[in-house]
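Quick notes on the structure that follows.
The values are calculated or read from the model by the stated rules, or taken from the named source; none is laboratory data. No experiment lies behind these values; they were computed from the predicted model shown. Cβ: placed from backbone, ideal geometry, glycine included. Neighbour counts: every protein chain shown.
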Amino acid sequence: MTSKLILVIDDEESIQKVVKLSLKLEANWESICASSGREGFSQAQTQQPDAILLDVMMPEIDGIKTFEMLNNNLQTQTIPVILLTAKTGTAEKRLFQKIGATGVITKPFNPLTLASQMARLLGWRL
Amino acid sequence: MASEDRADKQTFWDEVVDTHPLTASDQTLLPKVLAQLVVHPGASCVLALRRGQVVGIATRQDIVKAVAQKTKWTKLRLAKIMTCPVVTIHRSELSTVASVTRWFEQHHISHLPVVDEHKRPIGVIVHKQLLLTTSVQSAETLIARQHQRAQLFAEITLKIRQSLQLKDILQTTVDEIQSLLDADRVLIYQILPDSTGKAISEAVKEPYPPIVGIPFPEEVFPEDYQQLYAQGRVQAIADVHAPDSGLAECLVEFINQWDIRSKLIVPIVHLLQPERSSHETSTNRLWGLLIAHQCRSPRQWTEFELELMQQLAGQISLALSQGQMLEYLEERVKLRTVELTQANRALQLEIQERKQIESALRKSEEQIRLITNNLPVLIAYVDAQQRYRFNNQAYKHWLGQAPADLYGTPIKVATGADYYDTIQPHIEAALNGEQVTYESDLTFSDGRCHAVSVSYIPHLDTSPQAESKTNGFFALTTDISDRKAIERMKDEFIAVVSHELRTPLTSLHGSLKLIETGRLGHLSDEGQQMLTVADESTDRLVRLVNNVLDLQRIESGEVTIDACICDAADLVEQAVEAMQAMAQEQSIEIRTQLEPLSIWVDPDYIVQTFTNLIGNAIKFSAPGKTIQIVGRSCTDVALSNLSQSPLANGSTSPPAVALFCVRDHGQGIPPDNLTSIFERFQQVDSSDSRKKGGTGLGLTICRKIIEQHGGTIWAESEMGIGSCFFFTVPLARGQTTP
């Protein structure tokens, strides 16, 4: 499988590092990180990643608003977005699906299976 | 006295004596005499005189007879037809009518000339006239006497009646009789029930000894005599010493000690009233005797005296009856007074009790008013016509609506039509006897909107004649704005914790997992051991945080079960897959035996339930053992409230449920713990649980999830054999039982 570029948008640097390392080790995917919704939106436009892992709960512009920005932008609206969130119920997951998210991964995730989870949601093969 | 006699004689003279008699010489010829008679038609006789003295008398009848019978009557002289010699009476001999009458009776005459000392005629008394006069006088005397008696009787009666006290009446009676009759002693002798007796009242002249108070033995007045007197006998004895007195000698001797010579005895009979007598009809009883004594000399008792005594004895009898009636009335009054006193006392007590009750009620009302007016809730009572019948002061403070203004106002008017439309179903439910609680927003008088919790408690009408189910309902409205604010804060806190705790845990957990792979470099054995400890502890911490947050969310009602039709096998597979790694670590095999089942559940939560149950089964199974998951449908009438199940909508067939079982072959659960293990932090062996990495919340979360689905969860176990955890969830519509 060809290497993928994943945009990780999370205000937590530690999460960024774990995700980045996990994806590199397990799937040999490259990651670029953004610490806010605004920064992530900008990076998505410029870097055109293969997928975006977007944290829902962030200060200022949260994951949902960032998702809307991405979705409303012609350059970014085709990039699949997987929401990363604290554990949620079925109703919340449905909401995320309804707005058009490709999938939802709940925190805390298993770094050893994160890549395979993402691949399944994105329809990729590892 | 002499003047009185003269007056009497003068009266007698005027009434009886004809002082202008016709007189004529005894030699007068009859025609001449006849002529006098014609001139004086009232004259009944002619006195014949000779030398002025009365020598004969010729009545009008004698003269008429001679005229009629004698042919030569004109030649006859008065001397020829007159009665001669003639009986005359001297004027001085005229005393009483009786004595004059006796003259007539003795001499058998019809006319009696009255002459002076010279035998000259001064008048004539005609027997017929005398009789007439006597007759008139007798009648007048009788009337006068009767009048006198009546007057006396009235006077005495008046005196007697001036007192109601029997003792005074009796004393007055004897005093008056003694005075009137001029008797030496008058007494009232009372006969006692044992036939003895004593004088109870007495009026006695000096120097005669008093009898009053002295007891008399029965022999003095034996029973036989009493009977006679009871029948009305009176006894007048002029002289007790006379042989015909009828008194026994011993009795005469007995009464001599009081100088009694003559006595008059009248019975006093008491008419017993029916209510005082043992018999139903009135009966006469000899109560006593009214006795008058004349001492030392005999006395002839007159009819008048006897009658007076009898009449006064009657008065005493009447007084006795009145006394008896008085006594009876006094007794009745006394009884009635006692009754009234008792009734009054009872009434006073009742009044006091009522006052106390009223006071207690007032106090209670004040307390209730104080409580209701100071409670920070709206309290109201609404009648069956949806009109306010009570509102507490909070209505004024919160909504600016005074209770007095609200009284009788329909809710719709008080709340406004729009707000009423939102609460109308609750009101109707309450009036149908259903207790209702709902939350709403209410705008207070300050213009701010407050969250309120409203409860309607129906006032059920339990009377048999009740037309409707309820009389109304009580409405309690609580301001829950603060609670809502706290809930919001709690939600925010949970969200923050959920994020802030999970984020570093995610990093920690992820980092450790990555290090553990060894792809970031190898550690020493000790370092590897420490890493494992850190990893396991992090895993446990993650589970604990997840469980605590899950439970909190479920219990707060924040979690809503988002049910959909799910394939049971798919959910079980997800759970098994998630736990497979853990099972493999413990060398435990997981087997499934499932019927094709479509269930109406929230898939995430049911997967979580399976995961928890499988995790527990793994933890408590020995290596090499098998865990079995069984699923099938079944009918369970008891699980009928499957409100979220499609089956519940309009289905009349028995509700069908899916029954799942997770069976292990572990150590088993003691029977006592089979129920408590579903409570939070209730593990069979907490130390064992900690060793296994349990949080003590897994089964509680399972129970909450299943209950939210309208299902049931329970455990069965046999020590040393293993445990089986059952739960039911609704089948999806169209899923039928085999």
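Is there a residue being within 14 Å of another protein chain (Cβ to nearest Cβ), at pLDDT below 85 and within 21 Å of B:Arg553 (Cβ to Cβ) anywhere in segment B:470-491? Looking through segment B:470-491, at least one residue is within 14 Å of another protein chain (Cβ to nearest Cβ), at pLDDT below 85 and within 21 Å of B:Arg553 (Cβ to Cβ).
Out of all the residues in segment B:228-251, is one or more surrounded by 15 or more Cβ atoms within 10 Å (Cβ to Cβ), in the same structural domain as B:Gln300 (by TED's automatic domain parsing) and among the charged types (D, E, K, R)? Looking through segment B:228-251, at least one residue is surrounded by 15 or more Cβ atoms within 10 Å (Cβ to Cβ), in the same structural domain as B:Gln300 (by TED's automatic domain parsing) and among the charged types (D, E, K, R). Whenever a residue of segment B:577-603 is assigned by TED's automatic domain parsing to the domain that holds B:Ile614 and touching a residue at least 60 places away in the same chain (Cβ under 8 Å), its partners that are assigned to a loop (DSSP other than H, G, I, E, B) and among the β-branched types (Val, Ile, Thr), lying with C-beta atoms within less than 8 angstrom and at least six residues away or across chains, give the pairs B:Val601/B:Ile561; B:Asp602/B:Ile561.
Which one is farthest from the other protein chains (Cβ to nearest Cβ) among residues in segment A:65-79 that are surrounded by fewer than 18 Cβ atoms within 10 Å (Cβ to Cβ) and out of contact with any Phe, Trp or Tyr (no Cβ under 9 Å at 6 or more places or on another chain)? Among them, the one singled out is A:Leu74. If only residues of segment B:554-570 that are within 12 Å of chain A (Cβ to nearest Cβ) and surrounded by 16 or more Cβ atoms within 10 Å (Cβ to Cβ) are counted, the one that is modelled with the highest pLDDT is B:Cys566.
Quick one: is A:Asp50 more than 11 Å from every other protein chain (Cβ to nearest Cβ), under 12 Å from the mean Cα position of the chain (by Cα) and acidic (Asp, Glu)? It is true that A:Asp50 is more than 11 Å from every other protein chain (Cβ to nearest Cβ), under 12 Å from the mean Cα position of the chain (by Cα) and acidic (Asp, Glu).
When residues of segment A:19-49 are filtered for being closer than 23 Å to A:Glu60 by Cβ and surrounded by 19 or more Cβ atoms within 10 Å (Cβ to Cβ), how many remain? Before you say what the answer is, go through the steps one by one.
Of all residues in segment A:19-49, those closer than 23 Å to A:Glu60 by Cβ come to A:19-20, A:31-47, A:49.
Next cut, surrounded by 19 or more Cβ atoms within 10 Å (Cβ to Cβ) only: A:19, A:31, A:33-34, A:37, A:40-41, A:43-44, A:49.
Total satisfying the criteria: 10.
Tell me the residue from B:Leu508, B:Leu523, B:Leu551 that is within 12 Å of another protein chain (Cβ to nearest Cβ) and either of a type outside the set (Phe, Trp, Tyr) or within 27 Å of B:Gly710 (Cα to Cα) (or both), please.
Details: B:Leu523 fails: within 12 Å of another protein chain (Cβ to nearest Cβ); B:Leu551 fails: within 12 Å of another protein chain (Cβ to nearest Cβ).
From the options B:Leu508, B:Leu523, B:Leu551, the qualifying one is B:Leu508.
Just one residue in the set B:Leu549, B:Leu571 is touching a Pro at 6+ places or on another chain (Cβ under 9 Å) and either assigned to a helix (DSSP H, G or I) or under 25 Å from B:Glu718 (Cα atoms) (or both); that residue is B:Leu571.
In the set (1) surrounded by fewer than 21 Cβ atoms within 10 Å (Cβ to Cβ); (2) within 14 Å of chain B (Cβ to nearest Cβ); (3) modelled with pLDDT of 95 or more, A:Asn110 fails one condition alone, (3). Those helices (runs of 4 or more DSSP H) of segment B:387-432 in which at least 1 residues are crowded, with 17+ Cβ neighbours inside 10 Å and touching a residue at least 40 places away in the same chain (Cβ under 8 Å), considering only elements entirely within it, cover B:394-399, B:417-431. Looking at B:Thr172, B:Thr196, just one residue is crowded, with 17+ Cβ neighbours inside 10 Å and not aromatic (Phe, Trp, Tyr), and that residue is B:Thr172.
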